[in-house]
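Notes for the one structure printed next.
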Amino acid sequence: MTDRPESRLSGKELFKSATKKVKMGKKLERVMKGDRSATSATSHDTSDVDGNKSPEPYSCTGDFEADYTELCNRAGLMEIPKVVPRPHRPGPPPPPDPKEKVEEPTSPVPSEQEEPPPTTYTTSDKFDYFKPKVQVELEKPEDKKSMTEVYIRGWKVDQKYIDIFKQCFPAADKLHTIDFWNVGLTDNTLAQFAAVASQCLNLRTVKLDGNPVPGEGFHQLIGEDSMIVSMSLRSCKITDKGAELIGKALSTAKTRNQSLCALNLNSNMITDAGACYIANGLRMNRTLLVLSIANNAIGDEAAKKFGEVLSRFALTHEEVVERRKVLSEKGAPDVRRSPISRRAESRDRPGSQSSRSQLDKSMAKSGRASSKAKKDKKEDDKKGKGKDDKWKKEPQRGASKETLGKASKGKGRQSGGKKGQGAGSITEAETPDILEIINPLLEEAERVDGELLIPGNRALINLNISRNRIGEAGLKSLLKGIQYQITLTTLGSRSGGTGLMRLSVQKNSFLPNHESYLKMQELMMTRDPLYKPPSKTPDEESTSQATGS
């Protein structure tokens with residue numbers, strides 16, 4: 001064995017080296033402890049700062065894809081559904097140019113090159129079609145801020161996505177359509193979606209097909225202040241409970257929706273009771289144009305209610321009270337008339353004739369006043385008053401817009417001299433006719449057997465109640481309502497609308513060759529706006545010409 005180097009050193013040198021090693025170890029240990037404490041203190045301070053500091057709120061820019069992606073990342077979502085353009089079916093090929101020379105077909109020459117794939121479709125990866133996506137429609141493909149429509153199909157939109165859409169949708173200024181099909185809405189998310197829809201200023205179309213909600217709170221989307229024009233709720237398992245809420249949202253004696261024009265309730269669970277609530281919603285609503293409640297469980301009772309609403313109906317006590325209130329606010333002359341004293345004579349004639357007589361009297365008074373004003377004007381002209389003074393006169397306070405418009409047109413003709421020149425032509429172009437929706441309670445009423453009857457709903461032009469359980473009794477009531485509307489139209493009464501133009505009642509509980517059904521089809525055929533009369537044969541044309549000559 002070889003001696004180690006330490007054995008050759010003296011005892012004094014061994015003691016010094018051992019002492020030095022101990023001192024170096026303690027010094028190194030102190031340095032290590034100091035570094036650890038400093039590092040821990042630094043990390044402690046940093047964690048305190050990060051924990052107390054809240055992230056800055058994100059303000060949406062209107063670019064839906066960028067805003068949606070950023071908000072999903074901030075929410076900590078692991079898998080974010082992509083934003084993709086909505087696919088469209090390719091259009092038809094353009095017609096051939098007649099100027100181009102058509103080459104004669106020749107015999108095919110075999111070639112080794114493969115034919116290029118067709119361009120009428122696109123391929124994607126495996127299972128890519130089934131991945132969740134957010135499909136969007138852009139008004140201009142190059143402008144990311146021009147999103148107009150959003151489509152989501154078949155994946156659950158839970159609370160996290162609703163919180164994200166709360167910020168994204170209102171920032172999209174041009175968004176007008178939201179289509180959520182089978183996205184698993186709940187009562188809470190539906191209520192929040194309705195709140196988001198009210199914040200989108202240009203939103204007009206909402207489709208929530210295939211979303212059964214336990215509370216059936218779809219009426220929140222069509223409140224009195226709603227701006228939604230078209231709403232589709234197909235296959236949402238809506239029962240009479242939801243139909244009652246929707247009917248009350250359409251109209252009551254005091255409130256009514258003034259924006260919804262089309263409502264689709266196909267393939268739900270609505271029975272006679274629920275359909276009667278919807279029919280009651282049409283009593284005071286003059287905005288809804290298209291109503292579809294096909295493939296439900298509607299029977300004769302609801303069909304009779306629809307026939308009554310389409311023809312004429314008696315006002316309830318609440319509606320009579322509201323009618324008197326509205327008339328008093330309008331200052332109508334027939335409010336002062338006592339209904340009890342006129343009850344006997346109003347059974348045979350409309351109760352508004354007395355108001356017409358008073359209106360005729362007021363017109364006669366105004367005619368006398370105008371003739372008197374003309375005489376005074378002639379006397380002033382004879383006395384030598386200046387003609388320019390009449391232009392300095394201010395219009396009367398009670399003058400209507402129509403009167404002022406006519407006056408301005410007359411001035412334009414006098415100053416311009418020629419047609420199409422002067423202020424008259426400008427006034428004619430800038431004063432279009434504006435149609436005002438009349439409150440149904442202000443329509444002419446008739447008292448019969450102690451009840452006050454008013455004309456029914458003639459604003460609805462398309463009603464679809466096919467594939468239900470309507471029998472002969474309900475069919476006759478609908479036919480009676482159509483005949484009443486046609487009678488009013490032939491008499492020239494178009495103040496309340498044109499009436500039904502399309503009525504779909506096929507596939508119900510009556511035979512296709514039923515007399516009332518055939519008569520209804522005959523009446524509605526000519527009322528269809530797309531109806532084209534059959535072309536006449538040469539013999540019929542010659543006969544008609546001979547008769548006309």
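The values are calculated or read from the model by the stated rules, or taken from the named source; none is laboratory data. The structure displayed is predicted, hence computed values, not measured ones. Cβ sites come from the backbone with ideal geometry, for glycine too, and all protein chains shown count toward neighbours. Just so you know, the surface numbers come from the protein's heavy atoms only, side chains and all, with ligands and any DNA or RNA stripped out. Shrake-Rupley method; radii C 1.70, N 1.55, O 1.52, S 1.80 Å.
Quick one: would you say residue 228 is among the hydrophobic types (A, V, I, L, M, F, W, C), open to solvent by less than 10 Å² (accessible area, probe 1.4 Å) and in contact with a Lys or Arg (Cβ under 7 Å, 6 or more places away or on another chain)? Before the answer, list the steps.
Working: among the hydrophobic types (A, V, I, L, M, F, W, C): yes; open to solvent by less than 10 Å² (accessible area, probe 1.4 Å): yes; in contact with a Lys or Arg (Cβ under 7 Å, 6 or more places away or on another chain): yes.
Here the answer is yes, as residue 228 does meet what is asked.
For the range 256-270, give me each residue that is open to solvent by less than 10 Å² (accessible area, probe 1.4 Å) and under 20 Å from residue 294 (Cα atoms).
Our first condition is that a residue be open to solvent by less than 10 Å² (accessible area, probe 1.4 Å); within the range 256-270, this holds for 257, 260, 263, 265, 270.
Selection gives 260, 263, 265, 270.
Test residue 166 against the stated conditions and say whether it is assigned to a helix (DSSP H, G or I), among the basic types (Lys, Arg) and at pLDDT below 95. Outline the logic, then answer.
Values: assigned to a helix (DSSP H, G or I): yes; among the basic types (Lys, Arg): yes; at pLDDT below 95: yes.
It is true that residue 166 is assigned to a helix (DSSP H, G or I), among the basic types (Lys, Arg) and at pLDDT below 95.
Out of (1) within 27 Å of residue 271 (Cβ to Cβ); (2) modelled with pLDDT under 85; (3) not hydrophobic (A, V, I, L, M, F, W, C), the odd one out for residue 529 is which?
(1)
Among the candidates 253, 273, 243, single out the residue that is surrounded by fewer than 21 Cβ atoms within 10 Å (Cβ to Cβ), more than 18 Å from residue 439 (Cα to Cα), over 13 Å from the mean Cα position of the chain (by Cα) and of a type in the set (A, V, I, L, M, F, W, C). Steps first, please.
Values: 253 fails: more than 18 Å from residue 439 (Cα to Cα); 243 fails: surrounded by fewer than 21 Cβ atoms within 10 Å (Cβ to Cβ).
Checking each option against the conditions leaves just 273.
I'd like the full set of residues that are open to solvent by less than 70 Å² (accessible area, probe 1.4 Å) and of a type in the set (S, T, N, Q), limited to the range 183-203.
Correct list: 186, 189, 192.
If you go through the range 283-306 one residue at a time, how many are under 17 Å from the mean Cα position of the chain (by Cα) and not small (Gly, Ala, Ser)?
Residues of the range 283-306 under 17 Å from the mean Cα position of the chain (by Cα): 285-292.
Now narrow it down to the ones that are not small (Gly, Ala, Ser): 285-291.
Looking only at that region, the number is 7.
Scan the range 152-161 and give yes if some residue there is touching a strand residue (DSSP E or B) at 6+ places or on another chain (Cβ under 7 Å), without any contact (Cβ under 8 Å) to a residue 60 or more places away in the chain, open to solvent by 90 Å² or more (accessible area, probe 1.4 Å) and not β-branched (Val, Ile, Thr), otherwise no.
Yes, some residue in the range 152-161 is touching a strand residue (DSSP E or B) at 6+ places or on another chain (Cβ under 7 Å), without any contact (Cβ under 8 Å) to a residue 60 or more places away in the chain, open to solvent by 90 Å² or more (accessible area, probe 1.4 Å) and not β-branched (Val, Ile, Thr).
What number of residues within the range 257-311 satisfy the criterion of being part of a strand (DSSP E or B), in contact (Cβ under 8 Å) with a residue 60 or more places away in the chain and aliphatic (A, V, I, L, M)? Full working, then the answer.
The initial filter retains those residues of the range 257-311 that are part of a strand (DSSP E or B), namely 262-264, 290-292.
Filter once more, so that each one left must be in contact (Cβ under 8 Å) with a residue 60 or more places away in the chain: 290-292.
Restricting the remaining residues to those that are aliphatic (A, V, I, L, M) gives 290-291.
The qualifying residues number 2.
Residues being in a loop (DSSP other than H, G, I, E, B) and of a type in the set (S, T, N, Q): count how many of those fall in the range 486-533. Before the answer, list the steps.
Here is the first cut: in the range 486-533, the residues in a loop (DSSP other than H, G, I, E, B) are 491-501, 505-514, 528-533.
Narrowing further to those that are of a type in the set (S, T, N, Q): 493, 495, 498, 506, 508-509, 513.
Residues that pass the stated criteria total 7.
Please go through (1) more than 13 Å from the chain's Cα centre (by Cα); (2) open to solvent by less than 10 Å² (accessible area, probe 1.4 Å); (3) among the β-branched types (Val, Ile, Thr) for residue 206 and return the number of the only condition it doesn't satisfy.
(1)
Among (1) within 20 Å of the chain's Cα centre (by Cα); (2) under 21 Å from residue 304 (Cβ atoms); (3) buried (at least 18 other Cβ atoms within 10 Å of the Cβ), which single condition is residue 248 missing?
Here residue 248 clears every test but (3).
Restricting to the range 209-225, name every residue that is touching a Lys or Arg at 6+ places or on another chain (Cβ under 8 Å) and buried (at least 18 other Cβ atoms within 10 Å of the Cβ). Step through it out loud before you land on a result.
Let us first name the residues in the range 209-225 that are touching a Lys or Arg at 6+ places or on another chain (Cβ under 8 Å), namely 209-210, 212, 216, 219, 224.
Those that are touching a Lys or Arg at 6+ places or on another chain (Cβ under 8 Å) and buried (at least 18 other Cβ atoms within 10 Å of the Cβ): 210, 216, 219.
Could you tell me whether any residue of the range 222-241 is among the charged types (D, E, K, R) and not in a loop (DSSP other than H, G, I, E, B)?
yes
Considering only the range 134-143, I want to know if a residue exists there that is crowded, with 19+ Cβ neighbours inside 10 Å and not in a strand (DSSP E or B).
No, the range 134-143 contains no residue that is crowded, with 19+ Cβ neighbours inside 10 Å and not in a strand (DSSP E or B).
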